[in-house]
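The values are calculated or read from the model by the stated rules, or taken from the named source; none is laboratory data. All of these numbers come straight from a predicted model, not from anything done at the bench. Note: ideal-geometry Cβ built from the backbone for every residue, glycine included; neighbour counts use all protein chains shown. Calculation scope for accessible area: heavy atoms of the full protein, side chains included, ligands and nucleic acids excluded. Shrake-Rupley method; radii C 1.70, N 1.55, O 1.52, S 1.80 Å.
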Amino acid sequence: MIPRFDLQALMARDGAEMARLGAAVRDVGFLTLGNTALGAAVVGQVLDAYRRFFRLPESAKRSVDMA
């Protein structure tokens, strides 16, 4: 299962949440993040931007340096 984290608890350096984060990074490699300031509209805009990018021709995508 992919663990879910509370951003506010992480930003407050909550000891238990930080320990869970360390374990998730070491053992799982993925996580989800909740209690952020990102609303559904902003998340939708980001997903739309991703979709537009991946619909581009391969030559256009190669011009973006991901390193």
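Across the chain, the relative contact order, built from alpha-carbon pairs under 8 Å that are at least six residues apart, equals 33 percent. Considering helices alone, the calculated mean residue ellipticity of the chain at 222 nm is -17000 deg cm²/dmol, with DSSP H runs of length four and up weighted by -39500 (n - 2.57) and normalised per residue. In the context of the full set of protein chains, residues of the chain present 82 Å² of accessible surface per residue (probe radius 1.4 Å, heavy atoms only). With a 1.4 Å probe and all protein chains left in place, how much of the accessible area of the chain comes from carbon and sulfur atoms, in whole percent? Carbon and sulfur atoms account for 61 percent of the accessible area of the chain. Highest average first, the peptides 47-58, 9-20 ordered by how many other beta carbon atoms sit within 10 Å of their residues are 9-20, 47-58.
Of the options (i) 5.1; (ii) 8.8; (iii) 6.5, only one is mean projected area of the Cα convex hull in nm² as computed from these coordinates, and that is (iii). Summing +1 for each Lys or Arg and -1 for each Asp or Glu among the other residues whose beta-carbon sits under 13 angstrom from that of residue 45 gives +1. Note on exposure: 38, 31 ranked by accessible area (1.4 Å probe, complete protein assembly) read 38, 31, with the most exposed listed first.
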